[in-house]
1. State which residue is modelled with the highest pLDDT when the search covers only the stretch 56-85 and only residues that are among the charged types (D, E, K, R) and under 15 Å from Leu7 (Cβ atoms).
2. Check Leu16 against each of (1) within 20 Å of the chain's Cα centre (by Cα); (2) surrounded by 16 or more Cβ atoms within 10 Å (Cβ to Cβ); (3) touching a residue at least 24 places away in the same chain (Cβ under 8 Å) and name the one condition it does not meet.
3. Test Leu111 against the stated conditions and say whether it is in contact with a helix residue (DSSP H, G or I) (Cβ under 6 Å, 6 or more places away or on another chain), closer than 22 Å to Asp51 by Cα, modelled with pLDDT of 85 or more and surrounded by 14 or more Cβ atoms within 10 Å (Cβ to Cβ).
4. May I ask you to list the residues in the stretch 38-47 that are in contact with a strand residue (DSSP E or B) (Cβ under 7 Å, 6 or more places away or on another chain) and surrounded by fewer than 17 Cβ atoms within 10 Å (Cβ to Cβ)?
Amino acid sequence: MTPLRVLTVDDEPLALKRLKLLLQTIPQAAQVGEAGGCAEALARINELRPDVILLDIKMRDGNGFEVVEAIAQRSNPPLVIFVSAFDQYAAQAFDSAVTDYLLKPVERERLVKALMRAEQQLHAKDAKQRVDELQQVLRNLRASRNSDDEPEFETEFWLRGTGGLVRVPVDAIDCVSSADEYVAIHTASGSHLMRGSIRQFADRVEPGLFVRVHRRWLVRRSAISELSTKRIGGTEVVLRNGKRLPAGRVHLKQLRQSIQGITRH
(Lines give C-alpha, C1' and ligand atoms only; values in the text may rest on other atoms or scores of the structure.)
Protein backbone atom coordinates (compact mmCIF):
# COMPACT_ATOMS: atom_id res chain seq x y z
CA MET A 1 0.00 0.00 0.00
CA THR A 2 1.33 3.43 -0.97
CA PRO A 3 1.84 5.64 2.09
CA LEU A 4 -0.16 8.85 2.39
CA ARG A 5 1.84 11.88 1.29
CA VAL A 6 1.65 14.32 4.22
CA LEU A 7 2.56 18.00 4.43
CA THR A 8 2.86 19.54 7.91
CA VAL A 9 2.12 23.25 8.45
CA ASP A 10 2.82 25.11 11.71
CA ASP A 11 4.67 28.31 12.61
CA GLU A 12 6.17 26.71 15.71
CA PRO A 13 9.41 24.80 14.92
CA LEU A 14 8.97 22.50 17.94
CA ALA A 15 5.45 21.57 16.81
CA LEU A 16 6.78 20.73 13.33
CA LYS A 17 9.56 18.64 14.86
CA ARG A 18 7.07 16.72 17.00
CA LEU A 19 4.87 15.95 13.99
CA LYS A 20 7.91 14.85 11.99
CA LEU A 21 9.02 12.44 14.73
CA LEU A 22 5.50 11.03 15.05
CA LEU A 23 5.09 10.55 11.31
CA GLN A 24 8.39 8.65 11.18
CA THR A 25 6.79 6.00 13.40
CA ILE A 26 3.70 5.56 11.18
CA PRO A 27 4.35 3.28 8.17
CA GLN A 28 1.15 4.27 6.34
CA ALA A 29 2.27 7.91 6.13
CA ALA A 30 5.24 9.67 4.57
CA GLN A 31 6.05 13.29 5.28
CA VAL A 32 6.87 14.98 1.97
CA GLY A 33 7.55 18.43 3.38
CA GLU A 34 6.73 21.09 5.92
CA ALA A 35 5.84 24.78 5.96
CA GLY A 36 6.12 27.48 8.61
CA GLY A 37 3.21 29.68 7.55
CA CYS A 38 0.26 30.19 5.22
CA ALA A 39 2.11 31.56 2.21
CA GLU A 40 4.77 28.87 2.38
CA ALA A 41 2.07 26.23 2.80
CA LEU A 42 0.35 27.20 -0.45
CA ALA A 43 3.66 27.17 -2.30
CA ARG A 44 4.53 23.74 -0.92
CA ILE A 45 1.08 22.39 -1.80
CA ASN A 46 1.58 23.52 -5.40
CA GLU A 47 5.03 21.97 -5.48
CA LEU A 48 4.48 18.69 -3.62
CA ARG A 49 0.76 17.93 -4.17
CA PRO A 50 0.30 16.08 -0.87
CA ASP A 51 -2.64 13.80 -0.10
CA VAL A 52 -3.11 15.25 3.39
CA ILE A 53 -2.19 18.48 5.18
CA LEU A 54 -1.67 18.63 8.94
CA LEU A 55 -2.60 22.29 9.32
CA ASP A 56 -2.29 24.61 12.30
CA ILE A 57 -5.10 27.17 12.65
CA LYS A 58 -3.39 30.26 14.07
CA MET A 59 -0.13 31.34 12.47
CA ARG A 60 1.84 34.55 12.33
CA ASP A 61 1.04 35.35 8.69
CA GLY A 62 -2.63 34.37 8.79
CA ASN A 63 -4.70 31.34 9.71
CA GLY A 64 -5.31 27.87 8.44
CA PHE A 65 -8.79 28.79 7.20
CA GLU A 66 -7.19 31.03 4.58
CA VAL A 67 -5.20 28.04 3.34
CA VAL A 68 -8.38 25.93 3.23
CA GLU A 69 -10.17 28.68 1.29
CA ALA A 70 -7.38 28.76 -1.28
CA ILE A 71 -7.19 25.02 -1.83
CA ALA A 72 -10.99 24.71 -1.98
CA GLN A 73 -10.79 26.31 -5.41
CA ARG A 74 -8.71 23.42 -6.73
CA SER A 75 -10.12 20.57 -8.77
CA ASN A 76 -8.41 17.96 -6.60
CA PRO A 77 -7.61 19.42 -3.17
CA PRO A 78 -5.71 17.56 -0.45
CA LEU A 79 -7.55 16.51 2.67
CA VAL A 80 -7.10 18.76 5.70
CA ILE A 81 -6.53 17.69 9.29
CA PHE A 82 -6.54 20.69 11.60
CA VAL A 83 -3.94 20.66 14.38
CA SER A 84 -4.54 23.25 17.07
CA ALA A 85 -5.90 24.26 20.43
CA PHE A 86 -9.27 25.15 19.01
CA ASP A 87 -11.19 28.38 19.42
CA GLN A 88 -14.91 28.22 20.04
CA TYR A 89 -15.83 29.07 16.44
CA ALA A 90 -13.63 26.29 15.12
CA ALA A 91 -15.16 23.69 17.46
CA GLN A 92 -18.63 24.69 16.23
CA ALA A 93 -17.60 24.30 12.62
CA PHE A 94 -16.30 20.79 13.21
CA ASP A 95 -19.80 19.64 14.16
CA SER A 96 -20.56 19.23 10.46
CA ALA A 97 -17.09 19.34 8.95
CA VAL A 98 -15.63 16.47 6.96
CA THR A 99 -12.08 17.26 7.99
CA ASP A 100 -10.58 15.78 11.12
CA TYR A 101 -8.78 17.61 13.91
CA LEU A 102 -6.05 16.97 16.41
CA LEU A 103 -5.61 18.78 19.68
CA LYS A 104 -2.11 19.80 20.73
CA PRO A 105 -0.07 18.18 22.10
CA VAL A 106 -0.65 15.59 19.37
CA GLU A 107 -0.62 11.96 20.45
CA ARG A 108 0.48 9.17 18.14
CA GLU A 109 -2.67 7.05 18.55
CA ARG A 110 -4.91 9.98 17.69
CA LEU A 111 -2.76 10.92 14.68
CA VAL A 112 -2.93 7.35 13.36
CA LYS A 113 -6.75 7.40 13.59
CA ALA A 114 -6.94 10.73 11.78
CA LEU A 115 -4.69 9.48 8.97
CA MET A 116 -6.70 6.27 8.65
CA ARG A 117 -9.85 8.35 8.33
CA ALA A 118 -8.18 10.50 5.68
CA GLU A 119 -7.13 7.42 3.73
CA GLN A 120 -10.69 6.10 3.80
CA GLN A 121 -11.99 9.40 2.48
CA LEU A 122 -9.46 9.44 -0.34
CA HIS A 123 -10.65 6.02 -1.49
CA ALA A 124 -14.37 6.54 -0.86
CA LYS A 125 -14.89 10.01 -2.35
CA ASP A 126 -13.99 11.47 -5.69
CA ALA A 127 -12.38 14.87 -6.14
CA LYS A 128 -15.70 16.66 -6.74
CA GLN A 129 -17.15 15.33 -3.48
CA ARG A 130 -14.09 16.50 -1.58
CA VAL A 131 -14.32 19.97 -3.14
CA ASP A 132 -18.03 20.25 -2.30
CA GLU A 133 -17.49 19.16 1.30
CA LEU A 134 -14.48 21.43 1.75
CA GLN A 135 -16.54 24.39 0.56
CA GLN A 136 -19.28 23.43 3.04
CA VAL A 137 -16.68 23.51 5.80
CA LEU A 138 -15.74 27.03 4.70
CA ARG A 139 -19.37 28.15 4.82
CA ASN A 140 -19.64 26.79 8.36
CA LEU A 141 -16.46 28.57 9.40
CA ARG A 142 -17.48 31.89 7.87
CA ALA A 143 -20.91 31.72 9.47
CA SER A 144 -19.52 31.03 12.93
CA ARG A 145 -16.76 33.64 12.63
CA ASN A 146 -19.09 36.37 11.31
CA SER A 147 -21.97 35.71 13.67
CA ASP A 148 -23.23 38.78 15.53
CA ASP A 149 -23.60 36.56 18.60
CA GLU A 150 -19.96 35.54 18.69
CA PRO A 151 -18.46 36.74 21.98
CA GLU A 152 -15.47 39.07 21.89
CA PHE A 153 -13.71 36.86 24.43
CA GLU A 154 -13.68 33.10 24.97
CA THR A 155 -16.44 31.79 27.21
CA GLU A 156 -15.32 28.16 26.96
CA PHE A 157 -12.40 26.05 25.80
CA TRP A 158 -12.35 22.62 24.17
CA LEU A 159 -9.53 20.75 25.87
CA ARG A 160 -8.15 17.24 25.83
CA GLY A 161 -9.71 14.80 28.28
CA THR A 162 -9.27 11.07 28.83
CA GLY A 163 -12.04 10.30 26.34
CA GLY A 164 -11.40 13.05 23.78
CA LEU A 165 -12.36 16.72 23.75
CA VAL A 166 -13.90 18.19 26.88
CA ARG A 167 -15.88 21.44 27.04
CA VAL A 168 -14.52 23.63 29.85
CA PRO A 169 -16.46 26.85 30.59
CA VAL A 170 -14.26 29.75 31.64
CA ASP A 171 -16.26 30.21 34.84
CA ALA A 172 -15.38 26.62 35.84
CA ILE A 173 -11.65 27.32 35.76
CA ASP A 174 -10.12 27.87 39.22
CA CYS A 175 -6.58 28.66 38.14
CA VAL A 176 -4.07 28.36 35.32
CA SER A 177 -0.40 27.39 35.64
CA SER A 178 2.47 27.49 33.16
CA ALA A 179 3.95 24.17 32.02
CA ASP A 180 6.80 24.71 29.54
CA GLU A 181 5.15 25.38 26.15
CA TYR A 182 1.69 24.75 27.59
CA VAL A 183 -0.60 25.97 30.33
CA ALA A 184 -2.45 23.66 32.68
CA ILE A 185 -6.13 24.54 33.11
CA HIS A 186 -7.27 23.50 36.60
CA THR A 187 -10.95 22.86 37.39
CA ALA A 188 -12.85 21.03 40.12
CA SER A 189 -13.08 17.96 37.87
CA GLY A 190 -9.41 17.83 36.86
CA SER A 191 -6.66 19.50 34.84
CA HIS A 192 -6.09 19.82 31.10
CA LEU A 193 -3.15 20.97 28.99
CA MET A 194 -3.45 23.68 26.35
CA ARG A 195 -0.65 24.98 24.16
CA GLY A 196 0.35 28.57 24.84
CA SER A 197 1.41 30.86 27.67
CA ILE A 198 -0.39 32.38 30.64
CA ARG A 199 -0.30 35.75 28.86
CA GLN A 200 -1.95 34.25 25.78
CA PHE A 201 -4.65 32.66 27.92
CA ALA A 202 -5.30 35.99 29.68
CA ASP A 203 -5.66 37.74 26.31
CA ARG A 204 -8.42 35.31 25.29
CA VAL A 205 -10.70 35.77 28.31
CA GLU A 206 -12.63 38.78 29.54
CA PRO A 207 -10.35 41.24 31.39
CA GLY A 208 -10.79 41.24 35.16
CA LEU A 209 -11.96 37.63 35.49
CA PHE A 210 -8.47 36.37 36.34
CA VAL A 211 -5.64 37.94 38.30
CA ARG A 212 -1.92 37.18 38.11
CA VAL A 213 -0.66 36.03 41.51
CA HIS A 214 2.72 34.61 40.52
CA ARG A 215 4.84 34.38 37.39
CA ARG A 216 3.54 30.81 37.02
CA TRP A 217 -0.02 31.20 38.27
CA LEU A 218 -3.18 32.97 37.12
CA VAL A 219 -6.27 32.68 39.35
CA ARG A 220 -9.96 33.37 38.79
CA ARG A 221 -10.81 36.23 41.14
CA SER A 222 -14.08 34.70 42.33
CA ALA A 223 -12.21 31.49 43.29
CA ILE A 224 -10.04 33.31 45.84
CA SER A 225 -11.00 32.90 49.50
CA GLU A 226 -8.23 34.86 51.23
CA LEU A 227 -4.64 36.00 51.28
CA SER A 228 -2.61 34.38 54.04
CA THR A 229 0.76 35.47 55.40
CA LYS A 230 3.01 32.52 56.22
CA ARG A 231 4.92 32.40 59.52
CA ILE A 232 8.24 32.22 57.72
CA GLY A 233 7.32 35.17 55.53
CA GLY A 234 5.69 35.46 52.15
CA THR A 235 2.04 35.40 51.18
CA GLU A 236 -0.19 32.63 49.89
CA VAL A 237 -3.39 32.81 47.92
CA VAL A 238 -6.00 30.46 49.38
CA LEU A 239 -8.71 29.30 46.99
CA ARG A 240 -12.26 28.38 47.97
CA ASN A 241 -11.42 24.72 47.28
CA GLY A 242 -8.60 24.87 49.85
CA LYS A 243 -5.76 24.97 47.32
CA ARG A 244 -2.86 27.23 48.33
CA LEU A 245 -0.71 29.04 45.78
CA PRO A 246 2.36 31.25 46.23
CA ALA A 247 1.86 34.99 45.73
CA GLY A 248 4.82 36.64 44.06
CA ARG A 249 6.01 39.90 45.60
CA VAL A 250 5.88 41.76 42.29
CA HIS A 251 2.19 40.84 41.93
CA LEU A 252 1.05 41.55 45.51
CA LYS A 253 0.05 45.20 45.08
CA GLN A 254 -2.08 44.56 42.01
CA LEU A 255 -3.45 41.39 43.62
CA ARG A 256 -4.61 43.23 46.76
CA GLN A 257 -6.19 46.00 44.70
CA SER A 258 -8.07 43.58 42.49
CA ILE A 259 -9.55 41.54 45.35
CA GLN A 260 -10.48 44.25 47.83
CA GLY A 261 -12.83 42.92 50.45
CA ILE A 262 -11.12 39.53 50.83
CA THR A 263 -10.09 38.85 54.42
CA ARG A 264 -6.35 38.80 55.02
CA HIS A 265 -4.97 36.68 57.93
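1. Across the stretch 56-85, the extreme among qualifying residues is Asp56.
2. (3)
3. yes
4. Selection gives nothing.
Residues are listed down the side, and each one gets a yes or a no for (1) under 24 Å from Leu255 (Cβ atoms); (2) of a type in the set (Asp, Glu); (3) at pLDDT 75 or above; (4) in contact with a helix residue (DSSP H, G or I) (Cβ under 9 Å, 6 or more places away or on another chain):
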site	(1), (2), (3), (4)
Gln136	no, no, no, no
Arg142	no, no, no, yes
Glu156	no, yes, yes, yes
Val166	no, no, yes, no
Val183	yes, no, yes, yes
Met194	yes, no, yes, yes
Phe201	yes, no, yes, no
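The values are calculated or read from the model by the stated rules, or taken from the named source; none is laboratory data. Remember, predicted model here, so these are calculated numbers, not experimental data. In this analysis, Cβ positions are derived from the backbone assuming ideal geometry, glycine residues included, and neighbour counts consider all displayed protein chains.
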